[in-house]
Amino acid sequence: MRAAYLIEPGKVEVRETEKPVPGPGEVLVQVKAVGICGSDLTVFRYGGIGTNKATQPLIMGHEGTGVISQLGPGVDSWQVGDRVVMEAGIPCRRCEFCKSGNYHLCLDVAFAGIPPSDGFMAEYVTMPEDFVFSLPEELDFAAGTAIEPLSIGLMAARESDIQVGHSVAIFGSGPVGLTTLLAARARGATRVLVVDLIPQRLEVALQLGADEVIDARNTDPVGRILNATGGKGVDRSLETAGSPHTTVMAVKAVKRGGTIGLVGIVHQSEVEIDVVRIVRSGIRVQGVFRYANIYPVAVDLVRAGRVNLDPFVTHTFPLEEIQEALEFVESNKDQVIKGVMLL
């Protein structure tokens with residue numbers, strides 16, 4: 001089979017490799033589409049992410065959909081031909097975090113496409129039968145790759161405790177920011193403001209239900225948010241861009257007693273924030289990391305017509321053009337919402 005390997009920082013190749021065989025409790029998935037995520041671009045450019053560095057050729061990608069083509073021994077919950085979306089992080093199932101249901105915090109999780117774990121940009125992958133989920137008929141394979149960022153958005157909304165009637169500010173309208181917008185709406189937020197620097201993404205935010213978008217190139221976002229809320233600030237302020245600047249803004253924009261959800265990963269060891277304001281205003285700061293027990297919720301919301309993932313996929317590429325695709329998405333963030341590799 002073919003698979004897209006990271007060979008060294010900035011270089012990927014499609015190579016022939018051995019087709020895997022499903023073991024007990026596993027299914028073999030013929031991959032149809034894999035989304036390109038911001039973390040994929042980091043792995044591509046720097047050969048890893050954080051302390052996870054690739055020491056050998058690595059199959060990339062963690063936003064995958066496909067069709068079950070073979071059942072491993074003991075699997076009776078699926079049939080060959082079923083359309084599925086794959087959850088990217090496989091935990092150890094034994095540690096305290098896994099046993100408490102917080103398996104996203106497992107220290108031994110194998111996360112697809114993050115070194116040292118191979119990802120989904122291959123014609124076939126094996127998966128535990130309980131970490132694949134039915135792909136809603138409403139979605140084609142490409143659009144189905146947005147189930148993964150939708151799961152992050154839902155996790156962000158849940159962990160930040162967005163409730164009916166809340167006002168919400170979202171800093172960043174990339175795929176995760178946009179899915180956080182969808183999740184906030186699904187949980188009953190009545191006013192959602194979205195901040196970004198890229199007009200196209202702000203247009204999509206309006207299309208997906210934002211009440212107001214703020215172009216940070218020519219407007220003070222915090223001032224606009226405070227003005228829109230009578231000087232109080234929003235109930236929930238979520239940072240999804242992974243920028244130190246928007247992290248600072250998120251702290252300033254939330255009301256007394258509100259909650260800040262930190263979703264984006266800031267690639268900087270220190271960020272200067274107003275700790276005094278956090279303490280004296282009783283503000284809660286909630287870190288949001290990946291997702292757990294949320295894929296079924298994402299699938300059900302799509303199936304029920306409660307969220308719209310159609311605007312997400314703006315560019316598609318064949319697997320053979322993986323090098324060009326990664327470079328294009330990396331260099332054209334003003335055009336791309338989500339790029340998807342088709343296999």
Considering segment 66-94, residues that are of a type in the set (Gly, Ala, Ser) and part of a strand (DSSP E or B), and then whichever is nearest to GLY144 (Cα to Cα), we arrive at GLY66
Would you mind stating whether VAL248 is surrounded by fewer than 18 Cβ atoms within 10 Å (Cβ to Cβ) and at pLDDT 95 or above?
yes
Are any of the residues in segment 41-61 in contact with a Leu (Cβ under 9 Å, 6 or more places away or on another chain), modelled with pLDDT of 95 or more, over 18 Å from ALA325 (Cα atoms) and among the charged types (D, E, K, R)?
no
Taking ALA241 as the residue in question, decide whether it is surrounded by 21 or more Cβ atoms within 10 Å (Cβ to Cβ), within 18 Å of the chain's Cα centre (by Cα), in a helix (DSSP H, G or I) and touching a residue at least 12 places away in the same chain (Cβ under 8 Å).
no
ILE273 meets each of (1) outside the structural domain of ILE90 (by TED's automatic domain parsing); (2) closer than 30 Å to GLY119 by Cβ with one exception, condition (2)
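Kindly state which strands (runs of 3 or more DSSP E) lie completely within segment 120-231 and contain at least 3 residues that are touching a residue at least 60 places away in the same chain (Cβ under 8 Å) and either aromatic (Phe, Trp, Tyr) or in the same structural domain as HIS104 (by TED's automatic domain parsing) (or both).
On the way: elements: 124-128, 132-134, 167-171, 191-196, 212-215.
Counting at least 3 such residues, we get 124-128, 132-134.
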Across segment 268-302, what is the number of residues that are under 25 Å from the mean Cα position of the chain (by Cα), under 24 Å from GLY242 (Cβ atoms) and loosely packed, with under 13 Cβ neighbours inside 10 Å?
4
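The values are calculated or read from the model by the stated rules, or taken from the named source; none is laboratory data. Just so it is clear, the structure is predicted and the values come from calculations on it, not from any experiment. Cβ sites come from the backbone with ideal geometry, for glycine too, and all protein chains shown count toward neighbours.
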